[in-house]
1. Within segment B:47-60, restricting attention to residues that are surrounded by fewer than 20 Cβ atoms within 10 Å (Cβ to Cβ) and assigned to a loop (DSSP other than H, G, I, E, B), which residue is farthest from the other protein chains (Cβ to nearest Cβ)?
2. Please determine whether any residue of segment A:279-286 is modelled with pLDDT of 95 or more and either surrounded by fewer than 19 Cβ atoms within 10 Å (Cβ to Cβ) or closer than 26 Å to A:PRO101 by Cα (or both).
3. Let me spell it out: the conditions are (1) hydrophobic (A, V, I, L, M, F, W, C); (2) at pLDDT below 80; (3) within 30 Å of B:LEU215 (Cβ to Cβ), and B:PHE150 meets all of them except one. Which number is the exception?
4. Within segment A:224-247, track down each residue that is under 23 Å from A:SER303 (Cβ atoms) and not in a loop (DSSP other than H, G, I, E, B).
5. Which of the residues belonging to segment B:138-153 are part of a loop (DSSP other than H, G, I, E, B) and among the small types (Gly, Ala, Ser)?
6. Run A:THR330 past the list (1) of a type outside the set (Phe, Trp, Tyr); (2) at pLDDT 95 or above; (3) under 20 Å from A:ALA256 (Cβ atoms) and report the number of the one that doesn't hold.
7. Looking at (1) basic (Lys, Arg); (2) in contact (Cβ under 8 Å) with a residue 24 or more places away in the chain; (3) over 30 Å from B:ARG171 (Cβ atoms), find the lone condition where A:ARG241 falls short.
8. Examine segment A:147-158 for a residue that is in a strand (DSSP E or B), away from every other protein chain (no Cβ under 11 Å) and modelled with pLDDT under 95, and state whether such a residue exists.
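The values are calculated or read from the model by the stated rules, or taken from the named source; none is laboratory data. Please read these numbers as outputs of a predicted model, since none were measured by experiment. Cβ coordinates were reconstructed from backbone atoms using ideal geometry, including for glycine residues, and neighbour counts include every protein chain displayed.
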Amino acid sequence: MVIRGGRKAVSGTLLLISMISFATSASAALRNAGALAFSPEGVLFIGDNASGAIYAYAMARGTAPTSTAAPLEVDNIGDRIADALGVPSNEVAINGMAVHPVTQDVYLSVSRGYGDGMLPAVVRVTPEGKLFNVDLQSMQATEFKIHGVPSDDKHFRNRSKDWPVPAAVKYDAKAQIPVRTLTIVDMKFHNGELYVSGISNEEFASTLRRIPYPFTEKAIETKIRMYHIAHTRFETRAPIRAMQFATIDGVDTLIAAYTCSPLVLIPVASLRDGAKVTGKTIGDMGNGQPVSMFRVNVYGQDSLFVTNMGHGPRIIPLAGLNKATEYTPTNSPKGYPSDLSPEYPIGPVGKSVMFVGASLHADAVNDKFLVSLTRDAESGSLNLEALPVTPLPMKLDRIWSEFDFPGGGPNGS
Amino acid sequence: MPLSEWVALALGSIGICAAQAVPLSLHLRGPAIPGGPITIEGTAPPACDIDHHLQVFMAAADGQKRPAEPLFGAVVRDGPSLLFVPTFPFRPGGTYRVAVNCVGSGDDSSNWTQEFTIPGPRQVREVPVVEIAPSATELPANTLRFYVSFNADMRGRFSRRDISLRDDTGREQQWAFMSFGQELWSADGRRLTLLVDPGRIKRGVTANMVQGPPLEVGRRYVLSVRDRDTATQARVLTAAGFRIVEAERRALDPRAWKVVPPQEKTAQPLQIAFDRVMDRALLLDSVEVQDASGQAVPGALTSADGERRLQFVPDGSWQPGVYQIVFAAALEDVCGNRIGEALDHEIGATLEATNRRLSFRVE
């Protein structure tokens with residue numbers, strides 16, 4: 001916002017005060033910017049586990065980019081965001097990411113600082129790699145308060161006795177984390193409603209909330225149970241980590257990915273208020289935690305691109321999910337199958353593809369490219385990078401092969 | 001020529017005839033209110049549209065080679081001055097750099113930059129001196145307060161988050177200290193008070209019955225203070241270890257204390273030995289030595305031996321005679337017990353009237 005000289009000069013202090021007070025009460029209530037999602041019209045949804053609410057910002061729809069900019073590549077984006085927010089690099093945490101469906105700007109939700117002084121922020125990165133602050137305070141926002149948010153004193157189980165590494169103090173720290181930090185895990189907009197996966201304060205914790213937009217007081221809440229192949233049991237607490245929608249077997253279906261890592265199909269029609277639904281487990285992608293899941297087109301095949309904290313990404317053709325075998329206790333492998341088991345990965349879960357670095361968040365940008373917030377393994381730098389979906393979402397600058405030698409290139413070059 | 005005039009010219013008209021070479025000469029005024037904008041004033045060549053070329057950066061950290069991203073903020077014109085209003089507040093003690101880059105103005109002095117530091121606790125490059133009280137190696141399970149004392153005003157630079165209390169398995173005791181949404185700093189900003197949640201200490205109060213006392217008898221704990229302003233991982237500035245013994249729920253009684261008088265015509269310290277660990281801040285504030293006529297003897301108080309002893313050194317030398325040590329009613333031990341009044345007493349227990357004076361003779 002720039003005020004040009006030549007107009008009526010305004011006292012600087014008065015203007016500052018007016019800038020500070022110009023905020024809708026809903027914007028002011030945002031305490032922590034977490035998961036992000038867009039509607040096809042460009043409404044931005046921000047999940048806030050601190051206030052237990054979702055905030056919707058109706059922004060201008062915007063226009064598709066016209067420039068032929070090179071694929072997005074912003075190195076050290078964490079440092080650059082820290083500079084722009086005026087804090088040291090170690091005081092910035094990037095919590096979520098979503099790509100605007102029209103402008104292809106990448107939106108990143110950020111925590112600036114920590115403790116009592118922590119402030120939420122959303123930063124927009126244009127296809128040219130320029131950073132802008134999303135001025136939430138000056139936008140109209142509507143709020144949806146989540147019901148059944150776990151209270152602050154509910155924590156996770158201490159797993160220090162479950163596994164030998166790392167040292168127990170780290171499991172102790174993990175166990176101190178309040179369960180409410182998983183109230184909102186993933187959000188996706190589908191057919192006029194915002195779908196929110198996460199947990200609630202009940203024993204049967206895994207909850208899928210369908211919230212019509214524009215927000216009213218109402219939401220449909222469904223409890224989701226699924227058979228976890230690797231854990232050889234039905235589970236009701238672990239939340240859906242990532243979800244997408246597609247037509248499977250002729251019906252509108254929610255495709256859900258869970259940690260360690262079942263792929264579960266849930267017909268949208270079964271998501272009725274107060275219902276307890278058991279999803280159809282059709283596969284397991286391997287041990288690890290899914291992070292992002294989005295639709296891509298791979299040589300004409302409509303597919304899912306799924307990233308994972310413990311694995312490289314998988315590309316899963318949607319056609320393979322039709323008429324998929326359902327895995328239940330009777331036909332699943334016994335004895336805690338793992339990545340080493342002959343059956344794994346199990347079901348029509350596509351293929352693992354080459355990816356250099358660890359993707360913390362990823363999303364589709366356009367038909368040809370995806371964007372990933374990637375932690376580079378060697379340097380540790382956090383980079384925002386566009387990668388081609390096909391032939392492979394890879395980079396070659398840190399990989400050494402025959403092609404790097406003179407004479408070893410294509411056609412002997 | 002004031003900025004307002006040449007800006008009006010530059011923006012309002014086309015084909016400005018820059019007959020006079022106006023130099024780029026700017027200066028900066030820091031924020032007048034905490035978190036407020038910085039102000040830039042001065043002159044600039046007509047072709048230099050400084051409204052659009054003014055940026056503020058974090059001052060480069062040592063060894064940082066990459067170009068810094070400019071701070072999010074708005075450039076606001078206020079008459080002849082320009083304000084930069086940061087979107088997120090400037091950090092107290094932080095150093096920044098404002099720059100105006102007049103691209104393409106063809107002028108030698110077409111760039112201007114100036115560093116500025118926001119007032120507040122200084123960005124301490126040397127290690128701040130930190131002390132933790134109580135310093136006793138054994139503390140009662142119902143200890144109420146810890147103090148972290150610095151050698152300078154550290155408000156804004158340290159907070160409870162920099163202080164960790166861990167038991168002997170390394171487990172962090174995260175809810176041991178009460179949170180008020182603000183820190184409990186002394187008036188000079190040098191001492192931070194941490195209050196152990198008394199609901200977890202007082203017998204029969206809900207939190208104690210559900211969660212258990214934060215300090216368990218027989219266990220050892222470490223209270224440590226970290227410096228998070230260092231570029232690498234936070235380093236521990238100081239740590240105090242202690243073992244927990246049975247709770248202290250008796251009222252203070254000066255008759256249980258021993259006084260070791262000094263010799264006349266010396267400046268030896270008067271020594272008072274307590275029967276328990278005392279609250280250091282209150283100890284140093286609540287004791288006065290008076291001569292026979294009731295006049296306060298000027299001198300200095302220091303606590304010793306893990307706040308189990310108090311020493312008073314007079315400014316002059318001791319004259320022979322009878323003296324009195326007067327204890328203010330506010331004096332407490334580390335568990336909040338006062339003279340004649342235990343912190344944790346049965347409802348309806350009457351307060352004893354206990355003398356708050358001890359006398360001694362110098363000869």
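1. B:ALA47
2. No, the conditions are met nowhere in segment A:279-286.
3. (2) is the only condition that B:PHE150 fails.
4. Those that are under 23 Å from A:SER303 (Cβ atoms) and not in a loop (DSSP other than H, G, I, E, B): A:MET226, A:ALA242, A:MET243, A:GLN244, A:PHE245, A:ALA246, A:THR247.
5. B:ALA141, B:ALA152
6. So A:THR330 meets the others, but not (3).
7. (3)
8. Within segment A:147-158, none of the residues are in a strand (DSSP E or B), away from every other protein chain (no Cβ under 11 Å) and modelled with pLDDT under 95.
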